[in-house]
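The values are calculated or read from the model by the stated rules, or taken from the named source; none is laboratory data. Bear in mind that the values here come from a model prediction, so they are computed numbers and not experimental data. Using ideal geometry, Cβ is built from the backbone for each residue, glycine included, and neighbour counts are taken over all protein chains shown.
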Amino acid sequence: MNHTASGQAGAWQVKDLLALYELPLPELLYQARTVHREHFPDDTIQLSTLLSIKTGGCPEDCAYCPQSARYETGVQAESLMPLDQVLAAARAAKDKGAQRFCMGAAWRSPKPHHLDAVAEMVAGVKALGLETCVTLGMLREGQAEQLRSAGLDYYNHNLDTSPEFYGNVISTRTYQDRLDTLERVRQAGISVCCGGIVGMGESRRQRAGLIAQLANLDPYPESVPINNLVRVQGTPLAQAQALDPFEFIRTLAVARIAMPRAMVRLSAGRETLSDSEQALCFMAGANSIFYGEALLTTANPQAQADQRLLARLGLRAQTYNV
Ligand code: SAM
Ligand code: DTB
Ligand code: SF4
């Protein structure tokens, strides 16, 4: 049994997820699509637009990240963006058809005065009729509640990889630190957005280990971003071996099967996927994308190109909350 009585989470074992990875690809896609169709409409993709509200200069050492102050990546450190600029970007995202607006900050964790400013941004974006999400690093006691009071719908905080591979990627915060922040978010009544990155040199077992960690959170996250590493010059992972796109697609499918009701987001790394590969990602159960020309500091497909792709595939943007 993989589900508890609540159906929310269960004891997914790495070996069971590995067995899914090892299925012939068409069979894995079939199983993932079957699970998907039990919980979601057949044609709807959720669109989230990202904005970097505080770019670069981060003290952390995440080996994938262009925003760490430790690496020469060409990203200039900036201070927190003023409220009016954030709201203008949110309005533009809404006009282009985004449903959720996610604001990211290159912090280890926000200071109290940062949080007051972000709370105003959240309230302003919410008032525009968008769902709100922020990703600000680790949260301390009481900070999640402050964000919730401002109207925050989702908090993004990724586990990034499996516990076994984690030490190869980050030394400045522990896996448990991440779990603690996720628990604070959950306790404050904010929906959890939590996923990870593949293509960092981890093994297939370690990819299955990441999905097991996510799926065994109780309850599992409402939103699960699966990022394909964007290899940025100057970061320690710039020369990582690119992941076979089919392995990325398998990861989405395994996430779909292990977390049937989660929104599974085809996240960073779409620039290196062909239209046909993206179509397979949707077949595998991805039902959300980052929408708009930029992620945080790297490129994402043009909004118009995504609109064309969705139209060609007979898919449509979600305009209501599920
Ligand atoms: N600083 C905060 C933190 O790390 O918690 C929030 C922003 S951080 C940039 C958000 C997430 O972006 C990371 O957890 C990581 O999963 C993802 N990310 C960063 N750089 C990436 C890259 N080069 N490729 C793919 N995903 C990346
Ligand atoms: C997530 O899982 N992926 C997004 C969002 N959450 C914040 C960030 C991707 C960042 C890719 C590298 C960059 O653009 O700096
Ligand atoms: Fe900083 Fe977040 Fe980048 Fe890590 S992922 S270096 S915490 S901005």
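Listed values, structure above:
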item: Residues of the range 83-107 satisfying the condition of being within 15 Å of ligand 2 (Cβ to nearest atom), touching a Gly at 6+ places or on another chain (Cβ under 6 Å) and not small (Gly, Ala, Ser); result: TRP107
item: Any hit, the range 68-81, residues being of a type in the set (Asp, Glu), within 16 Å of ligand 1 (Cβ to nearest atom) and either modelled with pLDDT of 95 or more or part of a loop (DSSP other than H, G, I, E, B) (or both); result: yes
item: Qualifying positions in the range 235-272 - within 12 Å of ligand 2 (Cβ to nearest atom) and among the small types (Gly, Ala, Ser); result: SER267, ALA268, GLY269
item: Pairs where the first residue, in the range 125-141, is within 12 Å of ARG178 (Cα to Cα) and the second is within 15 Å of ligand 2 (Cβ to nearest atom) and β-branched (Val, Ile, Thr), C-beta under 6 Å, 6+ apart; result: MET138/THR181; LEU139/THR181
item: Which numbered condition LEU47 fails, given (1) within 16 Å of ligand 1 (Cβ to nearest atom); (2) crowded, with 19+ Cβ neighbours inside 10 Å; result: (1)
item: Condition broken by GLU222, with the remaining ones in (1) in contact (Cβ under 8 Å) with a residue 60 or more places away in the chain; (2) under 14 Å from LEU159 (Cα atoms) satisfied; result: (2)
item: Lone unmet requirement of (1) over 30 Å from ALA11 (Cα atoms); (2) part of a loop (DSSP other than H, G, I, E, B); (3) hydroxyl-bearing (Ser, Thr, Tyr) for TYR220; result: (1)
item: Per-region count, the range 212-226, residues of a type in the set (Ser, Thr, Tyr) and farther than 15 Å from THR135 by Cβ; result: 1
item: Among the candidates LEU50, LEU80, LEU28, residue that is touching a residue at least 60 places away in the same chain (Cβ under 8 Å), aliphatic (A, V, I, L, M) and within 16 Å of ligand 3 (Cβ to nearest atom); result: LEU50
item: All positions within the range 107-140 that are more than 16 Å from ligand 1 (Cβ to nearest atom), more than 17 Å from ALA93 (Cβ to Cβ) and touching a helix residue (DSSP H, G or I) at 6+ places or on another chain (Cβ under 7 Å); result: ALA119, GLU120
item: Any hit, the range 65-83, residues being within 24 Å of ILE249 (Cα to Cα) and among the aromatic types (Phe, Trp, Tyr); result: no
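Residue-wise test of (1) farther than 19 Å from LEU115 by Cβ; (2) touching a helix residue (DSSP H, G or I) at 6+ places or on another chain (Cβ under 8 Å); (3) modelled with pLDDT of 95 or more; (4) within 13 Å of ligand 1 (Cβ to nearest atom).
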| position | (1), (2), (3), (4) |
| --- | --- |
| LEU152 | no, yes, yes, no |
| PRO163 | yes, yes, yes, no |
| THR172 | yes, no, yes, yes |
| TYR175 | yes, yes, yes, yes |
| GLN187 | no, yes, yes, no |
